[in-house]
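**Q** Would you mind keeping the following structure in view while I ask a few things?
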Amino acid sequence: MRRVVKVSRIRIIITIIVVVLTTLLTGCTGKEPNEIAYVVALGIDSTDDDNYKITIQYANTTQISGGASESGGKAGSEIVDNVTIEAPNIYAGVGLANNIVSKSFSMSHAKLIVFSKEIAEKGVKDMIETLVRSEEIRPDVFIAVANTTANDYLTSVNPEMEVNPAQYYQLIYQKNQLVGIPDGQLREFFTGLYTDNYDSILPVAGVIDGSGGNSQNDDKGQSKDSQNEGSEGSSESLDSFESKSSNEKDENEKEKDAEKNTSKYEYDIKNYIGGETTIEKKNKAEAIGAAVFEKDKMVGELGEVETEICKMLKGDYIYSYLTYYNNDTPDIRITVKTTQQKKPKYKIDTDKKTIDIELYIESDLYSLPADYNVENKIEDFEREVANYTSSTCTEFINNFTKKYNSDILKLNEKVKYKFLTNNQYNWFKKNVDWSEYKFSVCTDFKVRRTGLIVRE
């Protein structure tokens, strides 16, 4: 009997606690939804007086919630508003902007932080720490570097398909599996900044000027001509120092490499960076290519093709559509959907200073001329594309390490198992120079589905 009474009392106490907690948690938070302005993106530019120009882009909830449909629909830029203010830091700018806008800013739904190129080259450590400290900023918020200014990029955003501006940024910066956009999030960047295990690459955000920009590759593919041209007026492009690496090889070595990796095929794709495409559309803002960092400082840019290669080498490549052309028959284009089902294998010899990388690429045949008989040429196509991919990736990573002291492939992490103690590993990280290593990439390229009609 006593046991029953005791259990009943416990149940009563638990019930009271639940009721009290429910009341507290569901009570008024102090602000109604219509009193809040939800920030979807922040742009950060520098000024002449050591302050920052903060561009706050927030959702126009009136248009999103129904005002747009009632008035017959509103164009993209009307679903977001922008306010720009000078301030010593991000949160001082948000605080000052609250005096201008009738609603209170909330950054809990922010999807994008854009730094100007000038700020990125000087270093973003202080601002990254500020963002990480915030209890409002989510760790998965995307970070990008503007090819012009952050203000120009955000004020050029004019979503054509998405009514929700937060969803627009989410989708744009998530589709890195289809185009040359790296996955740059606050959490990942911060981790690389403070672990010394790797460096980061971030998306490049640009504004289309309608002229095609200063594209690094106006000819077909990632050809030899395109690799000798750099991006003018910007951080030195990887393409501009190909000759430096090539000159270091003697002629015999060049001949051996040429025999080993000879291929008739090349990419039929231009090496664009954000703002350089020739696309005609209302939304002039775009993200493509990558900004290369050494810790917290931007040191250069990669084009779309180079970013795709980088993703292959990192094992972050999911799938995309690649078009190849044959130098002997340049009018023939073969388009395949390529996937990377397995992570690349790395064999690192710290004594010989060599790194061998094995890539595994699979593809489905999607497009080719109707009168082109590819059935008996699949094996030749696989071999030649494998050779071309191997030589292109080998050239890229060797040139990259000669130019930058940036560990974007996370080589430090891959070699950690070789050391018995953390002290040995830390000493290696501090003293290693990856530019002294010779990289060699071998590609296993297979066409899984040809799409051919089988006849008996």
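The values are calculated or read from the model by the stated rules, or taken from the named source; none is laboratory data. All of these numbers come straight from a predicted model, not from anything done at the bench. Don't worry about glycine lacking a Cβ; one is built from the backbone with ideal geometry, like all the others, and counts go over all protein chains shown.
**Q** Go over the candidates Ala386, Ala370 one by one and state the one that is among the small types (Gly, Ala, Ser), under 19 Å from Phe445 (Cβ atoms) and assigned by TED's automatic domain parsing to the domain that holds Ile318.
**A** Ala386
**Q** Follow-up. Which of (1) surrounded by 15 or more Cβ atoms within 10 Å (Cβ to Cβ); (2) outside any helix (DSSP H, G or I) is the odd one out, the single condition Gln170 does not satisfy?
**A** Of everything listed in (1) surrounded by 15 or more Cβ atoms within 10 Å (Cβ to Cβ); (2) outside any helix (DSSP H, G or I), Gln170 misses just condition (2).
**Q** A follow-up question, please. So which residues in region 378-414 are among the hydrophobic types (A, V, I, L, M, F, W, C) and either buried (at least 18 other Cβ atoms within 10 Å of the Cβ) or at positive phi (or both), if there are any at all?
**A** Phe381, Val385, Ala386, Cys393, Phe396, Ile397, Phe400, Ile408, Leu409, Leu411, listed by residue number.
**Q** Contact list please: Cβ distance under 6 Å, first residue in region 420-431 and in a helix (DSSP H, G or I), second residue among the aromatic types (Phe, Trp, Tyr), pairs at least six apart or on different chains.
**A** Filtered contacts from region 420-431: Tyr425/Phe419.
**Q** Given the conditions (1) touching a residue at least 24 places away in the same chain (Cβ under 8 Å); (2) among the hydrophobic types (A, V, I, L, M, F, W, C); (3) in a helix (DSSP H, G or I), and given that Ala144 satisfies all but one, which numbered condition is not satisfied?
**A** Single failed check for Ala144: (3).
**Q** Select from region 286-314 the residues that are part of a strand (DSSP E or B) and surrounded by fewer than 24 Cβ atoms within 10 Å (Cβ to Cβ) and list them in ascending order.
**A** Ile288, Glu294, Lys297, Val299
**Q** Within the bounds of region 105-117, is there any residue that is buried (at least 17 other Cβ atoms within 10 Å of the Cβ), among the charged types (D, E, K, R), in a helix (DSSP H, G or I) and at pLDDT 85 or above?
**A** yes
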